[in-house]
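Q: Have a look at the structure that comes next, please.
The values are calculated or read from the model by the stated rules, or taken from the named source; none is laboratory data. Note that the coordinates shown come from a computational prediction; the quantities given were computed from them, not determined experimentally. Here Cβ is always computed from backbone atoms with ideal geometry, including for glycine, and neighbour counts include all displayed protein chains.
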Amino acid sequence: MRNILKLEFIKTLGYPGFRTIVILHAVLFLLVVVIGSRVNLQFQGIKLDILVSFPYVWETLSWIGSWFNILLGILAIILVGNEFQFRTFRKQIIDGVSRNQLLNAKMIVMATLSIYALVLVLLSSFLLGFVYSDSITISSVFEKSPFVFVLFIQSFAYMMLGMLFALVLKNNAISIVTFILFFFPGEPILRAFFPDSIDRFFPIKIISNLTPMPDFLGITSKQLIQINGKSPSFQSMGLMPENLNVWFAALVCLAYIGLFYLLSKYVIERKNF
């Protein structure tokens, strides 16, 4: 398995498209973060740079990072689709590599990419938090830090879903278009036929809601006013629906990852290479 992984990373790192998408992912994320943090707006005494100070920076940057996870899903499609295009899966099977080993090697590559996405957000959050926080304590630095680790689950889930599309459709262009259309309008249209109690458990919705938009109203209002001892929020005002508990949602996403793996295994065991 070690030799298979070594070959897998040689193929991946040596592919120009991989380097292009990873660099694009990092540049776009950092560009949005830098520009957003430099916008110094004040409204009636409220400073919006509180959103990139501890402890709120973890939520803010995790949400921004989630915007670009679809790029990682597309990258997963390309990496798997190239195996069909260049017939490398076929050659490795002829050389004695099992189909499960091929699948597991791809999963390890995707897990590595998810770690990269996590580290990118983690380091950026630490840097901005220390720059923009007025007072820094251990409790404020780490209060919401576990929140960022669900980004790993989210990016991994996107890539596992992308791999499933690539294995089923075998064509990069068709897989990418289908993948994007599944995000919108495919699943949203399908969810419209189900009640809210079921709607929230659809794969794309629950995976994307792992990193929900921060409650900007609730965060910024803490600088000025509290209503009945509690800061107002989008949810309390009825402007946004209540989200599932993030850790419960993470468990459901892990179940979906397991499902994507089993479906991928089923497909790859029956696919004619």
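Q: Return only the number of the condition from (1) surrounded by fewer than 15 Cβ atoms within 10 Å (Cβ to Cβ); (2) modelled with pLDDT under 95; (3) part of a helix (DSSP H, G or I) that Leu224 does not satisfy.
A: (3)
Q: Let me ask something else about it. Do you know which residues across region 131-158 are more than 18 Å from Ile64 (Cα to Cα) and among the hydrophobic types (A, V, I, L, M, F, W, C)?
A: If we filter region 131-158 for residues that are more than 18 Å from Ile64 (Cα to Cα), which is where we start, we get 131, 133-143.
Residues satisfying the conditions are Val131, Ile136, Ile138, Val141, Phe142.
Q: Now for a different question. Look through region 134-168, keep the residues that are in contact with a Leu (Cβ under 9 Å, 6 or more places away or on another chain) and β-branched (Val, Ile, Thr), and return whichever of them is nearest to Leu79 (Cα to Cα).
A: Going through the qualifying residues, I end up with Val168.
Q: Now for a different question. Filter region 183-197 for residues that are closer than 22 Å to Gly73 by Cα and surrounded by 10 or more Cβ atoms within 10 Å (Cβ to Cβ) and give the result. Give the steps one after another, and end with the answer.
A: Step one: of region 183-197, the residues closer than 22 Å to Gly73 by Cα are 183-191.
Passing the criteria: Phe183, Phe184, Pro185, Gly186, Glu187, Pro188, Leu190, Arg191.
Q: Kindly list, by first and then second residue, each pair from a residue in region 135-156 that is closer than 18 Å to Val52 by Cβ to a residue that is charged (D, E, K, R), limited to pairs with Cβ atoms under 7 Å and residues at least 6 apart or on different chains.
A: Short answer, once both residue conditions are applied: Lys144/Glu59; Phe147/Glu59.
Q: Got a sec? Which of Phe194, Phe147 is of a type in the set (Phe, Trp, Tyr) and more than 25 Å from Leu61 (Cα to Cα)?
A: Working: Phe147 fails: more than 25 Å from Leu61 (Cα to Cα).
That would be Phe194, the only listed residue that is of a type in the set (Phe, Trp, Tyr) and more than 25 Å from Leu61 (Cα to Cα).
Q: Please specify each residue of region 115-138 satisfying the condition of being part of a helix (DSSP H, G or I), hydroxyl-bearing (Ser, Thr, Tyr) and buried (at least 19 other Cβ atoms within 10 Å of the Cβ).
A: First pass over region 115-138, keeping only residues part of a helix (DSSP H, G or I): 115-132, 138.
From what's left, hydroxyl-bearing (Ser, Thr, Tyr): 116, 124-125, 132.
Within region 115-138, Ser124, Ser125 meet the criteria.
Q: Can you find, within region 59-86, the residue that is surrounded by the most Cβ atoms within 10 Å (Cβ to Cβ) among those that are over 21 Å from Ala166 (Cα atoms) and without any contact (Cβ under 8 Å) to a residue 60 or more places away in the chain?
A: Start the filter on region 59-86 by keeping residues that are over 21 Å from Ala166 (Cα atoms), which leaves 59-67.
Retained after the next criterion (residues that are without any contact (Cβ under 8 Å) to a residue 60 or more places away in the chain): 64, 67.
Working: Ile64: 20, Trp67: 13.
Out of the qualifying residues, it is Ile64.
Per-residue answers, yes or no, for (1) of a type in the set (S, T, N, Q); (2) assigned to a helix (DSSP H, G or I); (3) modelled with pLDDT under 95:
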position: Leu5; (1), (2), (3): no, yes, yes
position: Lys11; (1), (2), (3): no, yes, yes
position: Phe18; (1), (2), (3): no, yes, no
position: Leu24; (1), (2), (3): no, yes, no
position: Leu30; (1), (2), (3): no, yes, no
position: Ile35; (1), (2), (3): no, yes, yes
position: Asn40; (1), (2), (3): yes, no, yes
position: Ile50; (1), (2), (3): no, yes, yes
position: Pro55; (1), (2), (3): no, no, yes
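Q: Scan region 163-211 for residues that are in contact (Cβ under 8 Å) with a residue 40 or more places away in the chain, at negative phi and in a loop (DSSP other than H, G, I, E, B) and report the count.
A: The number of residues fulfilling the criteria is 6.
Q: Continuing with this model, one more query. Those residues that are charged (D, E, K, R) and surrounded by 15 or more Cβ atoms within 10 Å (Cβ to Cβ), I need them from region 87-114; list them, please. Before the answer, list the steps.
A: Residues of region 87-114 charged (D, E, K, R): 87, 90-91, 95, 99, 106.
Those that are charged (D, E, K, R) and surrounded by 15 or more Cβ atoms within 10 Å (Cβ to Cβ): Arg99, Lys106.
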